[in-house]
Amino acid sequence: MNYILEKISPKLHEGDLLFLYGDETAERNLPLSRKEMDIIRERRTEKKDFIVRFDRLPYHLYFLSFDSEKAAPECQEMLRRRATDLLAMFEADKVGDLAVSAEGTLPEEVMAIVEGLTLADYSFDRYYGKERYHLKTLAIDQLYLKAEELDAAQRLWNRIFWCREWVNLPVQDLNASAFAEELSAIAADLEGVKCTVMDKKQIESLRMGGLLAVNRGSVDEPRFVVLEYNGGSKTASPICLVGKGIMYDTGGLNIKPDDYMQEMKSDMAGAATMASVVFAAADNHLPVNVVALLPMTDNRPGFNAYAADDILTMYDGTTVEVVNTDAEGRLILADAIAYAARNYNPQVIIDAATLTGAAVRAISTFGIAAMQQHADNPMTLLKLVGNQVYERLVEFPMWSEYDDLIKSDYADLRNCGSTPQAGTITAGKFLAHFADKTPYIHLDIAGVAYFTKAQHYYRAGASGYGIRLLYAFLQMQDMVEQENKSAVRKRRTTSKK
Ligand code: BES
Ligand code: ZN
Ligand code: ZN
């Protein structure tokens with residue numbers, strides 16, 4: 001999609017036009033007759049959110065009425081969600097180029113509708129024989145968006161598309177080595193991003209027992225990819241983003257039954273998300289230091305596959321009893337989390353992983369199941385930005401009682417809980433062990449990374465959910481650092497008194 005910022009006069013515009021109407025301030029420049037407006041006012045007394053389509057042959061006017069009195073995040077989300085209905089109308093009307101008139105609305109509201117249209121317009125077309133409808137050009141009133149803002153947002157959206165494309169690709173076309181190569185090629189073209197790809201030999205010399213065990217049943221080699229972007233001050237410790245990169249999850253020897261295996265190409269969504277966040281941060285020169293650590297392999301029951309009862313020695317020396325080979329994600333993540341904690345002195349480690357079916361059962365497809373250890377403040381901030389961008393998270397407890405559920409009689413830990421209850425929490429507890437004292441946040445994105453059915457501005461398939469969240473979190477780091485500095489200054493002056 002192309003974006004143009006230009007002056008748009010709704011009354012004079014010759015072409016398809018979307019008119020946003022939040023309240024009466026938009027009435028100064030309405031491209032409607034008084035009678036038409038009366039009908040709309042009448043409708044707004046019942047319900048404020050609706051779309052009316054006017055034939056202005058040869059063009060169309062789409063009048064989008066919304067409730068600007070709702071809290072900003074809800075109002076913006078509603079606008080994003082309207083995009084799907086609008087795109088269906090545009091497709092029926094064969095709209096190629098669309099102008100957006102924003103008279104009387106806020107820049108954030110305009111951005112929300114543009115974001116919704118952009119995110120809803122993506123589809124996975126690579127293997128699809130027929131031509132699919134896409135909007136070609138969006139012309140937006142230049143009074144409401146700044147060119148730099150729109151450019152930055154566009155770069156972020158592009159990263160979301162790349163993430164979706166990787167997650168949508170079947171494993172036949174994207175195995176661990178192919179994904180690593182792709183990431184390294186992108187990093188090579190991107191100023192300030194260093195990419196290190198570790199192959200099987202290097203992973204062996206690091207003694208990453210979790211990643212190596214999961215890889216044993218595969219014909220494809222594993223990879224461990226580290227992407228480093230240093231946009232912040234030289235002395236600031238980085239934020240480490242760990243992503244689950246199971247290129248395909250058959251379950252291994254505990255093979256997934258019935259149709260549970262379908263869509264498991266998406267089990268590397270965590271890795272795709274974290275890589276995309278680092279690339280977006282670099283694209284837009286965010287003043288932060290951030291490292292993505294991405295362990296990658298598929299999980300298969302090939303001839304030397306790891307088995308239940310195996311006892312693994314992990315990167316940090318912890319021993320783990322394998323109880324179920326389908327709880328593989330935590331094994332590869334554990335090595336990467338411990339590697340991050342030991343080698344980067346991170347201010348916080350955040351992981352994203354399609355980790356448990358239990359997370360989907362607990363909160364369905366409407367958000368992220370999150371947990372934290374020693375990371376109260378970053379978690380509060382993450383929840384806050386999550387509500388703002390509407391990629392929301394709900395915090396699960398990390399009570400010490402759960403520790404007993406992952407104790408083993410033969411090793412330090414077992415790789416799944418001893419009872420079927422609280423499967424999302426026992427997985428988070430397992431991972432938190434490997435972060436040790438480092439502040440740690442776990443994001444279980446199993447419910448949101450891949451949608452079986454379309455959901456609002458997400459079509460069926462990969463969503464890229466979490467990228468806007470983590471990007472917004474990184475954007476806030478500048479502020480967090482300033483606040484930390486002023487807190488230190490205050491402490492110094494009060495201690496002098
Ligand atoms: N990749 C799956 C989790 C998953 C399920 C993601 C559904 C997306 C949608 C994970 O590796 C898995 O198989 N987890 C098991 C853990 C169990 C064996 C303790 C699960 O959730 O059933
Ligand atoms: Zn699994
Ligand atoms: Zn998995």
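Restricting to the stretch 232-254, and then to whatever is over 26 Å from Glu204 (Cβ atoms) and surrounded by fewer than 20 Cβ atoms within 10 Å (Cβ to Cβ), can you tell me which residue is nearest to ligand 1 (Cβ to nearest atom)?
Checked the stretch 232-254; the qualifying residue nearest to ligand 1 (Cβ to nearest atom) is Ser237.
Name, by its number, the condition in (1) assigned to a helix (DSSP H, G or I); (2) within 22 Å of Glu149 (Cβ to Cβ); (3) in contact (Cβ under 8 Å) with a residue 40 or more places away in the chain; (4) out of contact with any strand residue (DSSP E or B) (no Cβ under 7 Å at 6 or more places or on another chain) that does not hold for Thr84.
(2)
Sort out which residues of the stretch 249-267 are aliphatic (A, V, I, L, M) and more than 9 Å from ligand 3 (Cβ to nearest atom), and write them in order of number.
Leu253, Ile255, Met261
Among the residues of the stretch 225-242, are any within 12 Å of ligand 2 (Cβ to nearest atom) and of a type in the set (Asp, Glu)?
There is no residue in the stretch 225-242 that is within 12 Å of ligand 2 (Cβ to nearest atom) and of a type in the set (Asp, Glu).
Right, Glu74: exposed (fewer than 14 other Cβ atoms within 10 Å of the Cβ) and out of contact with any Ser or Thr (no Cβ under 8 Å at 6 or more places or on another chain) or not?
Yes: the conditions hold for Glu74.
I'm trying to understand the selection: among the residues of the stretch 31-49, which are assigned to a loop (DSSP other than H, G, I, E, B) and free of Cβ contacts under 8 Å to residues at least 24 places away in the same chain?
Within the stretch 31-49, Ser33, Lys47, Lys48 meet the criteria.
Restricting attention to the stretch 26-38, which residues are farther than 20 Å from Val114 by Cα and surrounded by 12 or more Cβ atoms within 10 Å (Cβ to Cβ)?
Of everything in the stretch 26-38, those that are farther than 20 Å from Val114 by Cα and surrounded by 12 or more Cβ atoms within 10 Å (Cβ to Cβ) turn out to be Glu27, Asn29, Leu30, Pro31, Leu32, Glu36, Met37.
May I ask you to list the residues in the stretch 300-319 that are away from ligand 2 (no atom under 15 Å from the Cβ) and either outside the structural domain of Thr424 (by TED's automatic domain parsing) or out of contact with any Asp or Glu (no Cβ under 7 Å at 6 or more places or on another chain) (or both)?
Gly302, Phe303, Asn304, Asp309, Asp310, Leu312, Thr313, Asp316, Gly317
Does the stretch 429-450 include one or more residues that are assigned to a helix (DSSP H, G or I), under 21 Å from the mean Cα position of the chain (by Cα), under 30 Å from Met111 (Cβ atoms) and more than 16 Å from ligand 1 (Cβ to nearest atom)?
For the stretch 429-450, residues assigned to a helix (DSSP H, G or I), under 21 Å from the mean Cα position of the chain (by Cα), under 30 Å from Met111 (Cβ atoms) and more than 16 Å from ligand 1 (Cβ to nearest atom): absent.
How many residues are more than 16 Å from Thr84 (Cα to Cα) and either buried (at least 21 other Cβ atoms within 10 Å of the Cβ) or among the β-branched types (Val, Ile, Thr) (or both) if we restrict to the stretch 110-138?
1
Take the residues in the stretch 420-469 that are within 23 Å of Asp85 (Cα to Cα) and within 16 Å of ligand 3 (Cβ to nearest atom); name whichever of them is surrounded by the fewest Cβ atoms within 10 Å (Cβ to Cβ).
Tyr450
Report yes if Leu190 is under 22 Å from Val290 (Cβ atoms), buried (at least 22 other Cβ atoms within 10 Å of the Cβ) and not β-branched (Val, Ile, Thr), otherwise no.
No; evaluated as a whole, the condition is false for this residue.
The values are calculated or read from the model by the stated rules, or taken from the named source; none is laboratory data. These numbers were taken from a predicted model, which means no experiment stands behind them. Using ideal geometry, Cβ is built from the backbone for each residue, glycine included, and neighbour counts are taken over all protein chains shown.
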